[in-house]
Amino acid sequence: MPGSHGALTKAGKVRQQTPKVPRTGVNARKKKIPRVRNRENYIKRVVKKRYAGQPDSRGAQKHKRRVRRRSR
């Protein structure tokens with residue numbers, strides 16, 4: 001392959017040299033796979049008619065106002 005940049009023998013050199021730092025705090029928890037996360041959000045939003053994010057966030061407050069307006 002003409003014009004390739006760098007030798008393939010050096011691929012991943014920097015990543016291998018970097019020390020592994022353990023996750024701490026919020027990032028310590030393993031994240032759910034998107035399929036499961038999306039399914040849970042669908043159940044919360046569509047089936048239970050709730051807001052799927054933080055309960056006191058701006059989006060949740062806006063959602064409450066919209067739901068209240070629809071139910072009248």
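Tell me which label goes with the value of Cα extents along the principal axes in Å computed from the coordinates here: (1) 39, 35, 20; (2) 68, 35, 22; (3) 59, 22, 17.
(2)
For Lys48 and Lys20, compute 0.36 nm times the residue count separating them, minus their Cα-Cα distance, and round to one decimal in nm.
The Lys48-Lys20 span can extend by a further 5.9 nm.
Given the rule -39500 (n - 2.57) for each run of at least 4 DSSP H residues, summed and divided by the residues of the chain, what is its mean residue ellipticity at 222 nm, to the nearest 500 deg cm²/dmol?
Dividing the helical sum by the residues of the chain leaves -11000 deg cm²/dmol.
Take Arg70 and Ile33, extend 7 Å from each Cα along the Cα→Cβ direction, and tell me the distance between the two endpoints in nm.
3.1 nm
Gain in length, Ser57 to His5, computed as 0.36 nm per residue apart minus the alpha-carbon separation, to one decimal in nm?
14.0 nm
Filter the cross-link list Lys32/Lys62; Lys10/Lys32; Lys20/Lys44 down to pairs whose alpha-carbon distance in this structure exceeds 29 Å.
Lys10/Lys32; Lys20/Lys44
Just so you know, all these numbers are worked out from the coordinates, no wet-lab data involved. Note that the structure is a prediction, hence the values are computed from the model and not measured. With ideal geometry, Cβ positions are generated from the backbone for all residues, glycine too; neighbour counts draw on all protein chains shown.
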